[in-house]
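**Q** Here it is, the structure, as structure tokens.
The values are calculated or read from the model by the stated rules, or taken from the named source; none is laboratory data. Please read all numbers here as calculations on a predicted model, not as lab measurements. Heads up, the Cβs are rebuilt from the backbone with ideal geometry, glycines too, and the neighbour counts pull from every protein chain shown.
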Amino acid sequence: MSEHNHHVIDLKYLLGAAGALVVLTVITVAAAYMDIPRPFDLITALTLAFGKATIVAAVFMGLIWDKKINTMALLFSILFFFIMIGITLLDTLFRDRPFWVWN
Amino acid sequence: MANTNTAHGESHVQHHFVDSEQQFDSSKLGMWIFLVTEVLFFGGLFVAYIVYRAWNPELFYMSAKELSTMMGAINTIVLIGSSLTIALAVRAAQLNQQANISKYLLVTIFLACVFLVIKYFEYTSKFAVGILPGELYTYEGIDHPGAAIFFSIYYMMTGLHGIHVIIGIGIMVWLLVKTRQGAYNSSYFTPIEITALYWHLVDLIWIFLFPLLYLIE
């Protein structure tokens, strides 16, 4: 009685996602060796990582076909993660000297 | 476990759910809310990474050179492969292919073990030269007063991730046993579905750990 509501993800999407992730991993490694000037090396790496993360969430985790509330949960976790970064940096970026635990 | 809902003819439906579909959706949303807490759990460590990198940019460039890009890249591919196989296990359950569920779960467990073996070789090669977390750090090869910072963060992040991999293997072994007992089919496969979500999150975290820890050149 319940099968009809569960989206069976087409094989070509799963294999395509895996292929795209492998290609993006190779590009990520290649980009790291290309001596891109700072801070664009970090921006490139993070852009590629977010691209890969989107593929995993959308296809492997099935969010494209899923109820929107699950996507909302993920997006809110990311939003609050950025708030955590932002509020912390408001403190740590404006200190007189760094705080080292071990040295 | 009072599986006594006979009104709908499905023994796995708990009495407080209207039907199998509502129970499935509730389980899935519950898992997503758990994944939210996981994102913020790892998020705390990512914030530590960002704060210390902002304070010591040179240190992070110097330290990351000690890590093997090749091993990190192979492990990234291994985890992507395991994400694919667990997605295929869910698909096999939806299509009622019992033998394929077991097969794909086994491959996923195998790939998870490969990840841990590679991680073991990485860790031991670092331990051998005195690259240990915190005050145990004795390596002389990085000329920076805060040399222990990068690797302490590295061990915390990859260690917590590794614990998640180990827990994932345990859950998948349990799923494998239950699958062999015939517990899952196309109308009930919730444990496989939500374990797959967990496993994809483990993959997601590694997708960020790899460039941030290994690829700072």
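**Q** From the list B:S82, B:S68, B:S125, B:S102, which residue is within 25 Å of A:G51 (Cβ to Cβ), of a type in the set (G, A, S), out of contact with any strand residue (DSSP E or B) (no Cβ under 6 Å at 6 or more places or on another chain) and surrounded by fewer than 21 Cβ atoms within 10 Å (Cβ to Cβ)?
**A** Selected residue: B:S68, the only one of B:S82, B:S68, B:S125, B:S102 that is within 25 Å of A:G51 (Cβ to Cβ), of a type in the set (G, A, S), out of contact with any strand residue (DSSP E or B) (no Cβ under 6 Å at 6 or more places or on another chain) and surrounded by fewer than 21 Cβ atoms within 10 Å (Cβ to Cβ).
**Q** Could you pull out the residue among B:A196, B:A183 that is buried (at least 23 other Cβ atoms within 10 Å of the Cβ), more than 29 Å from A:F40 (Cβ to Cβ) and among the small types (G, A, S)?
**A** Just a single option satisfies the conditions, and that option is B:A196.
**Q** It is to be established whether one or more residues within the range B:163-179 are free of Cβ contacts under 8 Å to residues at least 60 places away in the same chain and more than 30 Å from A:V8 (Cα to Cα).
**A** Yes, that holds for at least one residue.
**Q** Next question, about the same structure. In this structure, is B:V13 assigned to a loop (DSSP other than H, G, I, E, B), more than 28 Å from B:V129 (Cα to Cα) and aliphatic (A, V, I, L, M)?
**A** yes
**Q** Still on this structure, please answer the following. Suppose we filter the range A:56-76 for residues that are more than 8 Å from chain B (Cβ to nearest Cβ) and more than 18 Å from B:Y198 (Cβ to Cβ); how many remain?
**A** 5
**Q** Let me spell it out: the conditions are (1) in contact with a Ser or Thr (Cβ under 6 Å, 6 or more places away or on another chain); (2) over 30 Å from B:D143 (Cβ atoms), and B:V51 meets all of them except one. Which number is the exception?
**A** Here B:V51 meets the rest and fails (2).
**Q** Can we say B:M31 is modelled with pLDDT under 95 and of a type in the set (A, V, I, L, M, F, W, C)?
**A** Spelling it out, it is not the case that B:M31 is modelled with pLDDT under 95 and of a type in the set (A, V, I, L, M, F, W, C).
**Q** Check off (1) within 14 Å of chain A (Cβ to nearest Cβ); (2) closer than 30 Å to B:L59 by Cβ for B:L116 and give me the number that stays unchecked.
**A** With (1) within 14 Å of chain A (Cβ to nearest Cβ); (2) closer than 30 Å to B:L59 by Cβ applied to B:L116, the lone miss is (1).
**Q** Please determine whether any residue of the range B:32-44 is surrounded by fewer than 19 Cβ atoms within 10 Å (Cβ to Cβ) and among the aromatic types (F, W, Y).
**A** yes
**Q** Go through the range A:43-70 residue by residue and tally those that are more than 13 Å from the chain's Cα centre (by Cα) and among the basic types (K, R).
**A** Residues meeting the conditions: 2.
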